[in-house]
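Comments concern the structure below.
The values are calculated or read from the model by the stated rules, or taken from the named source; none is laboratory data. What you see is a predicted model, and the numbers here were worked out from it, not measured in a lab. Cβ placement follows ideal geometry from the backbone for every residue including glycine, while neighbour counts extend to all protein chains displayed.
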Amino acid sequence: MAKQKTGTLYFIPVTLGDDNISNVLPPDVVSLTQQLDEFIVENEKTARHFLSTIKHTKPIREIVLKTLNEHTTDKELPVLLNALMSGKNVGLMSEAGCPGIADPGAKLAALAHQKGIRVAPLVGPSSILLSLMASGLNGQRFTFLGYIAADKNSRITQLKEIEKRSRLQETQIFIETPYRNQHMLEDILANCNAETRLCIACNISLADEYIVTKRIKEWKQNPLPDLHKRPTVFLLLA
């Protein structure tokens, strides 16, 4: 008996806000997403909203949603692939942006590869790459560090290490929980060299998008943007 063919796990980008989907997602991505009726999602409420916004052809209540988030254990991952193992195509969606980047989707992709399941990334907005593109900083060498330490003393120590690494002409990219953004900015300005360049990229791809790069000393001389509870990417290059 021939071996049953597995389905494809599509990594589906989600808009970074409620702005016009046609501005940030290719029609082919929307069309393919509308054809799927099972998804693995980080947040069910956000996923339902997105599927409604793209006018999915099926009633939302008929679409199967399985959760993969930071609380999902490694032992629970194989169950999420059951439909794929039986030949069905499934979509994976992060809460916002591209799945697999700074979210739990990476673990599922790793397991899918082990099981011979095709992983297909679709084109869409990534706040990390979009911020780097617009920053004017080094796009040849860069590191994405994800979230850095929440504790103030640890964060300051880490920021100094990050700035030191950036002296190798390697752009350092990191993020913070939105409600701590302002504290992060204050610590960067208080502890980094005056000539170091800092890019603040906020609400990327939205109507109030803000992407500005200045030297630390220049940031100190001007009013600072209000970043509180606004998704922000920080990029640093000494």
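Beta carbons closer than 6 Å, at least 6 apart along the sequence or on distinct chains, pair a first residue in segment 220-232 that is over 13 Å from Q182 (Cβ atoms) and in the same structural domain as E209 (by TED's automatic domain parsing) with a second that is among the hydrophobic types (A, V, I, L, M, F, W, C) and surrounded by 12 or more Cβ atoms within 10 Å (Cβ to Cβ) for K220/L189. Tell me, please, whether a residue that is within 28 Å of R230 (Cβ to Cβ), of a type outside the set (S, T, N, Q) and surrounded by 12 or more Cβ atoms within 10 Å (Cβ to Cβ) can be found in segment 59-78. Yes - at least one qualifying residue is present in segment 59-78.
Residues of segment 162-208 being surrounded by fewer than 14 Cβ atoms within 10 Å (Cβ to Cβ), within 26 Å of V14 (Cβ to Cβ) and among the charged types (D, E, K, R), which ones? D208 - this is the single residue of segment 162-208 that is surrounded by fewer than 14 Cβ atoms within 10 Å (Cβ to Cβ), within 26 Å of V14 (Cβ to Cβ) and among the charged types (D, E, K, R).
The requirement of being modelled with pLDDT under 95 and in the same structural domain as V29 (by TED's automatic domain parsing) is satisfied by G100. In segment 202-233, the residue that is modelled with the lowest pLDDT out of those that are closer than 19 Å to I173 by Cα and among the polar types (S, T, N, Q) is S205.
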